[in-house]
Amino acid sequence: MPLAEFRYIEKALSTLDKERDQLEVISKLLQMEFTEIMNLHTMEYLNITTRVKGRDSLKEKILRQGYYKKYNDPIRLIYQLSDLIGVRIECRFEQDERAIYKVLKKHFNVRNDDGYYYNEMNPNVKLSLDGRQPQKQKNGFKIFRIDGIVTDTNNELPFELQIKSLVNSFWGEIEHKIIYKNYNFLLVDDLLIEMMHSIKNNLALLDKQLLTIYRNVEQRQTDEEYQRRNLEDVMAKMCNDVFAKQLKEQLGMNVNIKKACQTIMKYTFFPNGMLEIQNISDSLIKALERISQISNEQVEFNVPIIFSREPNYTNKFAQIVGPYFRDVMNKEFHWNLFFKILFEIEPQDSVDDFEKFLGFLEQAYQTSSSITRLKKILYSQLEEHADEVMETLMETVAHIIVSIDDVECIYENNITKVASVIADTLRDITAQMTTYDQWLTQKEVVIEDFKQYLLEELS
């Protein structure tokens with residue numbers, strides 16, 4: 001006669017077998033639910049999979065966790081397992097894990113008495129979102145792991161939701177096979193742990209490298225765009241060489257102006273400060289001629305910049321950053337240097353170029369395929385009120401630029417970061433606010449979150 005614990009296990013396994021078909025149906029419904037959520041929020045992901053715990057896995061867990069002593073009823077035990085049903089959302093990169101988690105927090109926005117969150121569109125699916133994410137595991141590594149409950153008729157069934165990037169999925173498989181599925185006595189466990197940490201760190205580095213490559217490829221969407229960016233890079237280097245040489249001669253020191261030149265060339269290749277790929281050849285010839293002239297001229301650095309008239313600030317964004325730029329360009333060296341180079345490259349009328357640059361900068365923060373797509377959704381939902389939403393967002397960006405008080409905010413790398421934050425915020429707005437009244441009700445919370453997100457990215 002088998003031990004009492006094994007009789008307990010057999011009863012639990014029998015219950016699992018009996019309920020498996022229904023559990024499989026529920027797992028597929030969960031798969032459909034989270035697919036719909038991701039699509040609703042226009043969130044990119046690779047795959048959503050589900051599974052019901054297998055017999056061997058359940059048996060192993062009962063023995064490992066000592067459930068025979070913890071739970072009297074083996075039949076009810078399986079309904080109390082947090083990972084009875086597993087849901088996994090797979091994405092490309094580690095940063096996508098957090099983005100998906102934020103989408104889930106925005107979607108599951110109603111809290112019940114048990115501390116679980118649900119969405120009114122489907123109150124039968126609930127997530128525990130009060131805990132800190134990602135969770136720190138016993139091995140020291142972190143994982144986005146969220147407990148959930150799905151209601152099936154009168155029963156509440158637990159499930160476990162994981163969000164994993166490609167490298168973390170790969171890492172999970174390695175760790176599971178080497179550590180959890182290996183019961184051999186390991187004489188060199190310290191060495192093994194060290195090696196596993198090394199593998200994980202290398203995978204994290206690989207994730208960052210792949211992300212860099214992906215962004216680079218994504219930016220080269222068309223041959224024309226690719227050509228323009230290559231020209232920008234070439235001209236930025238030429239600009240850097242000419243001005244760096246003169247700075248060294250006048251000030252007696254080397255000054256890093258690479259990022260400044262990259263941003264200025266991006267502006268130069270967009271006529272009239274508009275982000276349109278046009279007249280590339282004309283812009284190239286004009287820039288080449290001007291840089292050639294500058295190489296034979298004497299540019300005066302470290303002197304105030306004087307405008308021939310007062311600038312015209314056409315919107316709230318310009319009204320906030322414009323006076324700030326005017327003030328700081330004649331106080332701080334790096335600000336002065338940026339606008340000095342800009343006005344030397346475009347020598348006709350500094351105040352005209354200043355106004356155009358403000359327009360370019362505002363548009364640059366809003367330029368990405370994601371923002372373009374999300375703005376279309378926003379305008380279809382809020383119609384004429386969508387302008388107010390965009391103005392509020394850009395006004396907030398302007399205030400953040402002033403508060404940070406760092407020329408790095410207008411460099412290309414940070415322009416990209418701001419665009420990403422705007423896209424994430426628009427994604428949340430379009431998913432949750434389909435009427436103007438909803439925007440007015442949630443405006444303060446949205447803008448406060450937007451501010452904090454911007455500060456995190458730019459600080």
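Full-extension gain between T372 and D449, please, as 0.36 nm times their residue separation minus the C-alpha to C-alpha distance.
On the way: separation 77, 0.36 × 77 = 27.72 nm, distance 2.14 nm.
Using 0.36 nm per residue and subtracting the Cα-Cα distance, I get 25.6 nm.
Classify region 46-165 as rounded, prolate or oblate from the Cα gyration tensor: take a ≥ b ≥ c as the square roots of its eigenvalues, call it rounded if a/c is under 1.5, otherwise prolate when a/b beats b/c and oblate if not. Show your work: numbers first, answer last.
On the way: a/c = 1.87, a/b = 1.28, b/c = 1.46.
It comes out oblate by the Cα gyration axes.
Evaluate E = 1/(1 + (r/R0)^6) for D113 and A4, where r is the Cβ-Cβ distance and R0 equals 51 Å; express this FRET efficiency to the nearest 0.05. The partial results should precede the final answer.
Numbers: r = 38 Å, r/R0 = 0.74.
Calculated value: 0.85.
What's the exposure ranking of F333, F159, going from fewest to most Cβ atoms within 10 Å?
Working: F333 14, F159 25.
The most exposed by this proxy come first: F333, F159.
Fewest Cβ neighbours within 10 Å first, please rank C91, C261 accordingly.
Working: C91 23, C261 27.
By the 10 Å Cβ count, ascending: C91, C261.
Which lysines have a Cα less than 30 Å from the Cα of K237, not counting those fewer than 8 places away in the same chain?
K208, K245, K248, K258, K259, K266, K286, K331, K340, K356, K417
Residue-wise, which Karplus ³J(HN,Hα) couplings in Hz belong to region 334-345, taking 6.51 cos²θ - 1.76 cosθ + 1.60, θ = phi - 60°, and x for glycine or proline?
So the Karplus estimates, Gly and Pro as x, are 5, 5, 4, 5, 4, 6, 4, 4, 4, 6, 6, 5 Hz.
Please list, or write none, the aspartates and glutamates whose alpha carbon is within less than 17 Å of the alpha carbon of K53, excluding same-chain residues fewer than 8 places away.
Here the aspartates and glutamates satisfying the reach criterion relative to K53 are E10, D17, E19, D21, E24, D83, D147, E156, E160, E173.
Would region 369-458 count as rounded, prolate or oblate if I go by the C-alpha gyration tensor, calling it rounded below 1.5 in a/c and otherwise prolate when a/b exceeds b/c, oblate otherwise? Walk me through the intermediate numbers first.
Details: a/c = 2.27, a/b = 1.68, b/c = 1.35.
Here region 369-458 falls in the prolate category.
Over region 369-458, what relative contact order in percent results from Cα pairs under 8 Å that are six or more residues apart? Let's see the in-between values first.
On the way: 51 pairs, mean separation 40.5, N = 90.
With pairs under 8 Å counted, the relative contact order is 45 percent.
Suppose R0 equals 35 Å; then what is the FRET efficiency for D17 and E457 from their Cβ-Cβ distance, rounded to the nearest 0.05?
Working: r = 50 Å, r/R0 = 1.44.
In this case the efficiency is close to 0.10.
Give a quick list of GluC sites (Glu not before Pro) in region 71-147 that DSSP marks as loop, anything other than H, G, I, E or B, with at most 16 other Cβ atoms within 10 Å. Walk me through the numbers before you get to the answer.
Working: sites: E90, E94, E97, E120; in loops: E120.
Of the GluC sites (Glu not before Pro), the ones in loops of region 71-147 whose Cβ has at most 16 other Cβ atoms within 10 Å are E120.
At a Cα cut-off below 14 Å, give the aspartates and glutamates reachable from K70, other chains included and same-chain residues fewer than 8 away excluded.
E5
Using a simple spin-label model with points 7 Å from Cα along the Cα→Cβ vector, what separation in nm is obtained for E408 and R309?
3.8
Among M253, M32, what is the fewest-to-most ranking by other Cβ atoms within 10 Å?
Working: M253 7, M32 12.
With the sparsest Cβ surroundings first, the list reads M253, M32.
If r is the Cβ-Cβ distance from S295 to K105 and R0 is 56 Å, what FRET efficiency results, to the nearest 0.05? Could you put the intermediate results ahead of the total?
On the way: r = 54 Å, r/R0 = 0.97.
With a Förster radius of 56 Å, E is 0.55.
Readers should treat all values here as calculations from the given coordinates under stated rules, not as data from a laboratory. Bear in mind that the values here come from a model prediction, so they are computed numbers and not experimental data. When we count neighbours, we look across all protein chains shown, and the Cβ atoms used for this are built from the backbone with ideal geometry, even at glycine.
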